[in-house]
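Colleague: Below is a structure I'd like to ask you about.
The values are calculated or read from the model by the stated rules, or taken from the named source; none is laboratory data. What you see is a predicted model; the values in this text were computed from it and never measured. Cβ: placed from backbone, ideal geometry, glycine included. Neighbour counts: every protein chain shown. Each accessible area value is taken on the protein alone, full model and side chains, heavy atoms only, with ligands, DNA and RNA left out. Shrake-Rupley method; radii C 1.70, N 1.55, O 1.52, S 1.80 Å.
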Amino acid sequence: VAVMRNGRIEQIGSPRAIYEKPETRFVANFIGQTNYLPGKVEKTDRGLAFIRLCPEVVVRAIHGGGLAVGAVVDVAVRPESIVIVKPSARAPIGWNSAVAAMERCAFLGGLTISYLRLQNGQVISVSETQNARMEKVGLRKSGDTVQLIWPVESSVILHEAESPMENIDDPVQP
């Protein structure tokens, strides 16, 4: 599959590769729903980038090199890659985690989409199938604090950041 934009090829690959590893925000949007986590590269080590989203949250993503410390990037994470767990749960090795507050849920039959607010104020979505719903852990009310976890390999660094990252080192104001 080739994804084109304004007569120019943005990315070529299998449908799975384009979906799971989009190279740009345009490709990620073209092929499905995505959460974008803007941040700054704090360090790189052995193919991993450590990206600070806010003073309280650093996530890891695999990168292929050429990523400068201090670079502003968008990390794309598909809603179905994220798992909602109790705040006391420990993320497995090789997984990212972030604390969030439940905002609202949309029940769509075989799918529930939850909207949660991260500590930096950003709202992200999580898709759950019938078998993975968080009602099993007793969390569904607005305001509930939860932990979001997702595999490091599900965090994709996009080539261009389209989100402003002003004052990332400053505490987030409510």
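Colleague: Using a 1.4 Å probe on the protein heavy atoms, what percent of the accessible area of the stretch 1-60 belongs to carbon and sulfur?
Modeller: 50 percent
Colleague: For a quick protection proxy, order the peptides 55-68, 112-125 by their average other-Cβ count within 10 Å, most packed first.
Modeller: Packing order, densest peptide first, comes out as 112-125, 55-68.
Colleague: In whole Hz, with x marking every Gly and Pro, tabulate ³J(HN,Hα) for the stretch 23-29 from phi via Karplus 6.51 cos²θ - 1.76 cosθ + 1.60, θ = phi - 60°.
Modeller: 8, 9, 4, 4, 5, 4, 5
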